[in-house]
Every structure is written in structure tokens, then in C-alpha cells.
Amino acid sequence: MANKESIEALDDLLRDITDNDTFGQCSQKSSLVRSHIWPMLTKIKLKQNMRAWTDVAFSTYILRIGNGLEPKDHAGQIKLPSFLALQPTKAAPALDHLIEFVIPTISTTEFEQISLSNSAILTPKNDAVDEINELITAKFPGQDQLYLSFDQTTNKAQEGLYIDFINSLVPSGMPTHKLLLKKNILVLLLRNINPSKGLCNGTRLICKEFAKHIITAEITSGEKKGTTVFIPRIPLQPSDPQ
């Protein structure tokens, strides 16, 4: 989502250029419905959820929840149907079983990067995210590449006293102290580094090469798909002063 100050600055600029305080995105007279060809056009209405058209059972289940028709227990909770729940096995722990289900070829050299970039495991807690990331990285083939953050205190005299404590902190919007990667592993960019080059928050990349202060990666989706980019080590500071 664009920052409100950017939109306000654009609005002020357009008002200044046009010398008009009633500037609008599109005047009513210029809209398509005012065109003489509008009555001759065939109007097609969207009636089907295209995101779930290949999984009718799931889309029907979600609609029942949204309409309040799905049964609830005494605590007001909804029980997941068996076709949505991954049944545990004695052969592997629950998380290992989940990872192997989502990415069945992750521990081999035969995995498909396209399939990997289209797969995801969602979790509501950051602690679970870190645990799943560690398990996936451990199962992924290849040599480990470890990057450590260089944490600092505002008062240099206290840095030696608190450095271990600072390394253990994970402020909102900041990476962990240790970043363990492997060649061909998928990563997700969490900051807008260079939007014009495709390096935005949410961009998926595949790590290709590692240097001391730079990671060479390839963008896996969007207009810049297939582009090789360089992710440098950059200084970061928490937005929350507390």
C-alpha cells in the first residue's frame, strides 16, 4: 500500500500543475459508460471465484464459514474436516510430515525451483516461522552459508556489556541475528530495497551465490522474473525507539 504522504504529494503536484482544485482521477464525462459504444458492448459479470474453481469442496466450506452455517462446538470453534487436515504419522514428527507434504522433493537434488517458489507454509506466530525455516534449511541439499548481524548500541561504552542480549532480540521488522542460507534456496524480501529493479517487500528470490557482504539472487515472479540481482548488507534500525 502506498504511503499517504506520497499520495498527498502527488495530489498537491497535480493541483499546482493544472491550477485546479477539483482535480479528479477520471471525470464522469470521460468514463467508458458515457461513450456512444457503451450500449453496443456485451457486459459480462463475474459470478465464480476463480481462485478456488479447481477445489469446489474447499470453496464451499469457506462459504459455509462466511455465511455462519458451519457447525461450532461449545467453545464457538469450528472443526476442520478430514480432507483439510494432514493426518500425523509415526514415521515423522508433525512438522517434518507437513514439510514433506508441501515440498516432497526438498531433500533431493531433483526439486523443481518453480514448484518451490509456488509453495508456502503459513503460521500465525513468528516463533513457528523460525522453527519451520530451520527445518526446511536443514533438509535442503547443499552447503550452509551463515550470515551474522553486527549489532551495536547507541552508547559504545555499553556495547560489550549488552551485545549478547542485543543479539537475542528480534524487533518488529528486523531480521534475526543468524541467517542460514543455502544455494538455490528460496527467500522472501521483507523490505523495499529498489522497487524499480523488482526488489520490493514480498519479492521471492532464489539464492545463487554468496559473498561476504553480497548475496546474488534471481527473482522468481513478477515482471522482473529471471532477473539476477544483488542483495547487499545494509544497516538497519528498529522503527520503534522502545
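The values are calculated or read from the model by the stated rules, or taken from the named source; none is laboratory data. Model, not experiment: these values are computed from the prediction. Quick reminder, even Gly has a Cβ in these numbers, built from the backbone with ideal geometry, and neighbours come from all protein chains shown. Heavy atoms of the whole protein, side chains included, go into the accessibility calculation; ligands, DNA and RNA do not. Shrake-Rupley method; radii C 1.70, N 1.55, O 1.52, S 1.80 Å.
So here's what we get for this one:
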{"read-out": "Unsatisfied cross-links (Cα-Cα over 21 Å) in the set Lys139/Lys183; Lys90/Lys125; Lys178/Lys208; Lys139/Lys212; Lys90/Lys139", "value": "Lys90/Lys125; Lys139/Lys212"}
{"read-out": "List His74, His213, ordered by accessible area with a 1.4 Å probe, largest first", "value": "His74, His213"}
{"read-out": "Cβ-defined net charge surrounding Val187, 13 Å radius [Lys, Arg +1; Asp, Glu -1]", "value": "+4"}
{"read-out": "Given charges at beta-carbon only (K, R positive; D, E negative), |dipole| of the stretch 120-174 in Debye", "value": "120"}
{"read-out": "Net charge of Cβ neighbours under 15 Å - reference Asp164; Lys, Arg +1; Asp, Glu -1", "value": "-1"}
{"read-out": "GluC sites (Glu not before Pro) lying in DSSP loop within the stretch 142-242, provided at most 15 other Cβ fall within 10 Å", "value": "Glu223"}
